[in-house]
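Asker: What follows is a single structure, and I will ask about it in a moment.
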Amino acid sequence: LSKVHQLAIRSPDAVRKYSGAAQDPQVAGRELRVDALLVGRVQRSGDRIRLSVRLVDALDGSTMWSDTFDESWTDIFAIQESISNEVARAAAVRLTRAEREQLAKRDTESPGAYREYLIGRHFWSQRTNPGLKQGLQHFERAIELDPRYAAAYGGVADSYVGFATYRVLEPKTAYVKARAAAVTALELDPALSEAHSALAMVSLYLDWDWTAAEGAFKRAIALNPSDATAHQRYALALPWFERFDEALHEIAQAREADPVSPLINANQGQILYRAGRYDQAIDHFRRGLASEPTFFANYQNLGAVYIETGAYDDGIAAYKKAIELGASSQVKADLAHAYAVSGQVAETKKILDELIGRSTKTYISPFDVARVYVGLGDHDQAFAWLEKAYDERTRPMLSIKIDPRLDPLRSDPRFDSLIRRMGVFDAGK
């Protein structure tokens with residue numbers, strides 16, 4: 001790939017960790033696996049901005065091009081276009097007409113809407129309850145400023161997908177809102193990969209329609225091969241259909257697009273866990289913790305692997321650390337299951353009572369509660385809560401065929417009946 005193309009495939013999420021003033025461009029270039037980086041400093045005063053930028057060769061640290069722009073914020077799009085063209089010239093890249101048009105393309109003519117969208121993506125990328133809610137507020141403000149801003153509707157769709165994924169809202173409510181926003185985005189811009197990716201999630205997790213979902217995932221990736229989120233989502237869906245090697249390939253593509261994302265790195269370990277490759281998964285999560293010691297998902301997933309290998313004390317300790325670092329109610333349920341299978345019934349019931357009590361005030365996934373009852377050996381209650389999960393279309397219902405924590409239920413006729421009624425798995429073979 002050319003230098004400018006290498007620059008183009010790195011998403012904002014991928015480069016955000018290098019935003020500090022003391023970052024070494026050569027180190028960043030090596031970690032991001034790019035030939036050159038655009039680095040600079042932005043100063044803003046009122047409606048004026050000063051942007052000092054330079055294109056740095058990642059191999060030797062030399063400056064390939066530099067310039068300073070002192071303009072009104074309302075000229076931000078013209079500045080972006082100028083920088084893109086100058087970078088292409090400095091990197092000795094000959095752009096095609098289509099590539100020049102892509103560089104000049106503007107999703108909105110409103111600088112204010114664009115700013116709100118960027119802030120929204122910043123908060124959305126945190127994948128936390130507060131971050132998702134703040135991100136949605138900024139996407140909605142962007143739409144208020146430009147009602148035809150397709151990317152902002154894509155942000156709204158992604159926000160509601162996140163609400164379903166991270167147990168912020170009841171899934172049916174969240175996915176219906178995600179679909180509406182994604183459809184609007186595609187009416188405005190049929191080539192918006194983010195909206196196709198969001199629609200894929202709705203098709204899979206609300207409609208249980210794998211054929212439509214896989215088509216939308218592939219469409220998103222075809223439109224933007226550097227869309228790390230599209231690769232990531234597709235990679236995490238494939239294991240439900242026991243397509244583990246394909247899943248590992250897709251998550252590798254996600255890591256190529258965003259090589260420093262701790263979440264995507266953890267997702268790779270999740271796929272190894274779901275494939276039953278426990279030793280590899282443990283090694284992967286340990287290496288993840290060495291580089292991201294405060295990222296709770298590594299502890300959460302490591303806990304799951306430890307419990308499956310019988311290392312109960314280690315698993316319980318990992319879950320507790322994940323909770324300490326801010327993990328969701330799902331990890332509380334994971335911990336309760338771990339207590340149950342290790343014979344600590346009193347501790348299990350304490351958390352179970354807490355989860356059921358909280359479910360009257362906030363969303364608690366019935367699937368998570370079902371897993372706790374499986375650990376306790378109460379299969380009737382487990383199936384009762386799985387039926388609730390079925391009715392609510394809660395996302396982890398798609399893991400029913402491969403989740404090892406449900407193994408004690410597999411010989412019960414009710415289990416096969418549940419899978420048949422879902423009607424999603426045959427299409428994924």
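Asker: Using a 7 Å offset from the Cα along the Cα-to-Cβ direction at both residue 24 and residue 384, what is the distance between the two label points in nm, to one decimal?
Answerer: So the label points at residue 24 and residue 384 sit 6.1 nm apart.
Asker: Let me ask something else about it. What distance in nm lies between label points placed 7 Å from Cα along the C-beta direction at residue 410 and residue 349?
Answerer: Here the answer is 3.0 nm between the modelled labels.
Asker: Follow-up question, since we're still on this one. Would you mind computing Rg(Cα) / (2.2 N^0.38 Å) for region 309-429, counting N as its residues?
Answerer: 1.06
Asker: While we're on this one: Evaluate the Debye formula for region 105-157 with equal point scatterers sitting on the alpha carbons, no solvent, and hand back log10 of I(q)/I(0) at q = 0.12, 0.18, 0.24 Å⁻¹, in q order, two decimals.
Answerer: Debye intensities relative to I(0), on a log10 scale: -0.21, -0.45, -0.76.
Asker: Taking a temperature of 10 °C and a viscosity of 1.306 mPa s, what whole-number D in µm²/s does Stokes-Einstein yield for region 258-378 with Rh from Kirkwood over alpha carbon pairs?
Answerer: The Stokes-Einstein estimate is 109 µm²/s.
Asker: What is the magnitude of the charge dipole of region 210-357 about its Cα centre, with +1 placed on the Cβ of each Lys and Arg, -1 on the Cβ of each Asp and Glu, and no other charges, expressed in debye to the nearest 20?
Answerer: In total the dipole reaches around 160 debye.
Asker: Let me ask something else about it. Too long at a 32 Å Cα-Cα cut-off: which of 218/349; 172/218; 177/321? Don't skip to the answer; put the middle values down first.
Answerer: Details: 218/349 44 Å; 172/218 24 Å; 177/321 34 Å.
Violating the 32 Å Cα-Cα cut-off are 218/349; 177/321.
Asker: Using square roots of five times the C-alpha gyration tensor eigenvalues, list the equivalent-ellipsoid semi-axes of region 380-429 in whole Å, biggest first. Walk me through the intermediate numbers first.
Answerer: Numbers: eigenvalues 51, 35, 22 Å².
Semi-axes from the Cα gyration tensor: 16, 13, 11 Å.
Asker: Stokes-Einstein D for region 139-191 at 37 °C, 0.692 mPa s, Kirkwood Rh over Cα pairs, in µm²/s?
Answerer: The diffusion coefficient I find is 301 µm²/s.
Asker: Could you tell me the largest-minus-smallest coordinate of the C-alpha atoms of region 155-299 on each of the three principal axes, in descending order and whole angstroms?
Answerer: 45, 30, 26
Asker: Which percent of the accessible area of region 110-225 is formed by carbon and sulfur heavy atoms (probe 1.4 angstrom)?
Answerer: Exposed carbon and sulfur together represent 55 percent of the surface.
Asker: Quick check of the Kirkwood formula: for region 329-385, what is the inverse mean of 1/r over all pairs of different Cα atoms, in Å?
Answerer: Value: 10.8 Å, from the Cα pair sum.
Asker: Now, a different point. For region 98-214, state what percent of all Cα-Cα pairs lands in each successive 5 Å bin, counting from 0 Å until the bin that includes the largest distance.
Answerer: 2, 14, 21, 24, 19, 12, 6, 2, 0
The values are calculated or read from the model by the stated rules, or taken from the named source; none is laboratory data. Since the model is a prediction, treat every value here as computed from it, not as a measurement. Positions of Cβ are generated from backbone atoms using ideal geometry, with glycine treated the same way; all protein chains shown enter the neighbour counts. Note: accessible area is taken over every heavy atom of the protein model, side chains too, but ligands, DNA and RNA are not part of it. Shrake-Rupley method; radii C 1.70, N 1.55, O 1.52, S 1.80 Å.
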